[in-house]
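Participant: There's a structure below that I have some questions on.
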Amino acid sequence: MARLQGKVALITGGAGGLGSATARRFIEEGCQVAIADINDEAGEKVSGELGEACAFVHNDHLDNDSNTAAVAFAVDTFGGLDILLNNAGAPYTGRIETADDEAVQRAFDLNLLGPFRMTKAAIAVLRARAKETGKTTSILYTASGQAVNAKPNISAYTAAKHGVRGLMRSVALELAPDNIRVNCVCPVATDTPLFRAMTEELGGSFEGAVSQFEQTVPLGRLARPVDTANAFLFLASDEAEMVTGVALPVDGGVSAY
């Protein structure tokens, strides 16, 4: 049987590299997926590629009304909500001494405040679904290797992703009595548009960045989006019904140092 058969997921940033890869894996395992994204053109494209089990809804996860509408869209379209994946975010690079306050605030907002607000919008529906089905429902976050370790020159991004990990741990304890599990995945550098954008901001080539990062990964390669998607698949499935409050590294062994 498909591992997510009968489940419904809402994925923010669903038109991006990790979001679309995870939507595809979820659908392959029997899930119906609402992808939420601020980029309408990309969202419609991904939704069209993934077929009838996928639908797109415009979403700005910094806007509470937009979040409420996205949750309602998933319920109205597919009949419920079992899984929320807070995946939307944005890169930020730069030395702390030259950091622009407005840009830093936006990095905090997009990577931490948005997931906080979307989580808040989905709790009541996830609680009701858990009660209805007698199974756990799931809140997931895309954190980062920067939620576990740290590198220089991306301090605002690192601080925000550490915040995501802290948010996950606290919410996991808060919602455990409601049978809602809460976890995050912490991927190493992954070949996505987000990673390519970060390498460009740092002034290097993508190929050079790949070579540099591969030397720091014990398994010797950059991660693929499907690596993170498979981790989310496990955490969203009933196989992980006793797993909550976990920050799962998908980093080729980096966090073992």
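Participant: Take R221 and K151, extend 7 Å from each Cα along the Cα→Cβ direction, and tell me the distance between the two endpoints in nm.
Facilitator: 1.9
Participant: Report, ordered by chain and residue number, the aspartates and glutamates lying within cross-link reach of K161, taken as a straight Cα distance under 12 Å and ignoring same-chain residues fewer than 8 apart.
Facilitator: Candidates past the 8-residue exclusion: D109.
Participant: Here is a further query. Given a cut-off of 16 Å, what percent of all Cα-Cα pairs of the stretch 23-101 lie beyond it?
Facilitator: 56
Participant: Please give the charge dipole size of the chain, origin at the Cα centre, charges +1 on K and R Cβ atoms and -1 on D and E Cβ atoms. Round to the nearest 20 debye. Could you put the intermediate results ahead of the total?
Facilitator: Values: 21 positive and 31 negative charges, 163 e Å.
Once rounded to the nearest 20, the dipole reads 780 debye.
Participant: How much length is gained if the chain between D109 and A69 is pulled fully straight, taking 0.36 nm per residue apart and subtracting their Cα-Cα distance, in nm to one decimal? Provide the component values of the computation, followed by the final result.
Facilitator: Details: separation 40, 0.36 × 40 = 14.40 nm, distance 1.96 nm.
Roughly 12.4 nm would be gained on extension.
Participant: Ok, one more. Picking from G16, G51, G145, which is most flexible by a Gaussian network model of the chain using Cα springs under 10 Å?
Facilitator: G51
Participant: Which lysines does K131 reach when only Cα atoms under 30 Å apart count, and residues fewer than 8 places away in its own chain are ignored?
Facilitator: Output for K131: K7, K120.
Participant: Would you mind ranking K135, K151, K161 so that the residue whose beta carbon has the fewest other beta carbons within 10 Å leads the list? Walk me through the numbers on the way to the answer.
Facilitator: Working: K135 15, K151 12, K161 26.
The order, fewest Cβ neighbours first, is K151, K135, K161.
Participant: Now a separate question. Taking springs between alpha-carbon atoms closer than 10 angstrom, which of I83, I154, I139 fluctuates most in the Gaussian network model of the chain?
Facilitator: In this elastic network of the chain, the residue with the biggest mean-square fluctuation among I83, I154, I139 is I154.
Participant: Hey, what number do you get for the chain at 222 nm if only DSSP H runs of n ≥ 4 count, each worth -39500 (n - 2.57), divided across all residues, to the nearest 500?
Facilitator: -14500 deg cm²/dmol
Participant: Of (1) 28, 19, 18; (2) 24, 21, 19; (3) 45, 22, 17, which is the value of semi-axes √(5λ) of the Cα gyration tensor in Å derived from the coordinates here?
Facilitator: (1)
Values quoted throughout were computed directly from the atomic coordinates according to the rules given, and no laboratory measurement underlies them. Computed from a predicted structure; not experimentally measured. A quick note on method: Cβ atoms are made from the backbone with ideal geometry, for glycine too, and the neighbour counts reach across all protein chains shown.
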